[in-house]
1. Of the residues that make up the stretch 64-71, is at least one buried (at least 20 other Cβ atoms within 10 Å of the Cβ), within 15 Å of ALA93 (Cβ to Cβ) and in contact (Cβ under 8 Å) with a residue 40 or more places away in the chain?
2. Let me confirm something: among LYS2, LYS48, which residue is in contact with a helix residue (DSSP H, G or I) (Cβ under 7 Å, 6 or more places away or on another chain), modelled with pLDDT under 95 and among the basic types (Lys, Arg)?
3. GLN47: of a type in the set (S, T, N, Q) and either under 28 Å from MET128 (Cα atoms) or open to solvent by less than 30 Å² (accessible area, probe 1.4 Å) (or both), yes or no?
4. Specify which of the listed residues (GLU157, GLU138) is without any contact (Cβ under 8 Å) to a residue 40 or more places away in the chain and more than 22 Å from the chain's Cα centre (by Cα).
5. Report whether or not ASN164 is at pLDDT 95 or above, farther than 28 Å from LEU33 by Cβ and touching a Leu at 6+ places or on another chain (Cβ under 7 Å).
6. So for the stretch 92-109 (the condition being farther than 28 Å from ASN72 by Cα, crowded, with 18+ Cβ neighbours inside 10 Å and of a type in the set (Val, Ile, Thr)), does at least one residue qualify?
7. For ILE32, all conditions in the list (1) aliphatic (A, V, I, L, M); (2) surrounded by fewer than 20 Cβ atoms within 10 Å (Cβ to Cβ); (3) touching a helix residue (DSSP H, G or I) at 6+ places or on another chain (Cβ under 8 Å) hold save one; what is the number of the exception?
Amino acid sequence: IKVCRDIVNPNLIIGKPELFNSESEAIQQVAILLSKNETSKAYELLQKYSNIYISSSDFEYYWGLYYTFSKNQKKAENHFLQALIFDPAFVEAKYNYAFIQHSNDRIENAKKLYYEILQEAPKEPKTMNNLASILIDEKNYTEAEDLLNKCIKDNPEFEIAKQNLERLTKLKN
């Protein structure tokens, strides 16, 4: 779970200027609660802080995680999208949004988003693996194999990528 972002726009904070310093602390509190699966406590803090830090891509992202953990994919999708509206370069929000697109068979949109992520974060392993999975299904074996080899080279313990490479090898033969 992402703890805090490097870029925060203090002009989007409603209230006292000292609130800027505590946004990262608030984000960290929510992240810790979600990592412990304490969703009801996380919900309370998300409610509280979302009213203070209006237009925060980070809080939209954490709402998305909250709804992911609560198995409400539609609300999660909306919050990840809102996080991207506030910060189009927010890689984790874009990945989660793309993953929801992928899992809902909106393959072309997911593929486009995965390519965008790799432009911004060329070594992002989950993205390389998921895009390779789509490419395998589309029988684009060369590009899929290149992505999986790169992914495994950079992340030798990534078992899912290894399994996808095995699947690809079987399909090619």
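1. The answer is yes, given that some residue of the stretch 64-71 is buried (at least 20 other Cβ atoms within 10 Å of the Cβ), within 15 Å of ALA93 (Cβ to Cβ) and in contact (Cβ under 8 Å) with a residue 40 or more places away in the chain.
2. Values: LYS48 fails: in contact with a helix residue (DSSP H, G or I) (Cβ under 7 Å, 6 or more places away or on another chain).
The match here is LYS2.
3. On the way: of a type in the set (S, T, N, Q): yes; either under 28 Å from MET128 (Cα atoms) or open to solvent by less than 30 Å² (accessible area, probe 1.4 Å) (or both): no.
The answer is no for GLN47.
4. Numbers: GLU157 fails: more than 22 Å from the chain's Cα centre (by Cα).
Result of the check over GLU157, GLU138: GLU138.
5. Details: at pLDDT 95 or above: yes; farther than 28 Å from LEU33 by Cβ: yes; touching a Leu at 6+ places or on another chain (Cβ under 7 Å): yes.
So ASN164 fits the description; yes.
6. Our first condition is that a residue be farther than 28 Å from ASN72 by Cα; within the stretch 92-109, this holds for none.
No; the residues of the stretch 92-109 include none that is farther than 28 Å from ASN72 by Cα, crowded, with 18+ Cβ neighbours inside 10 Å and of a type in the set (Val, Ile, Thr).
7. (3)
The values are calculated or read from the model by the stated rules, or taken from the named source; none is laboratory data. Worth saying up front: this structure is predicted, and the values here are computed from it rather than measured. Every residue, glycine as well, gets a Cβ built from its backbone with ideal geometry; the counts of neighbours run over all protein chains shown. Accessible surface areas use protein heavy atoms only, side chains included; no ligands, DNA or RNA. Shrake-Rupley method; radii C 1.70, N 1.55, O 1.52, S 1.80 Å.
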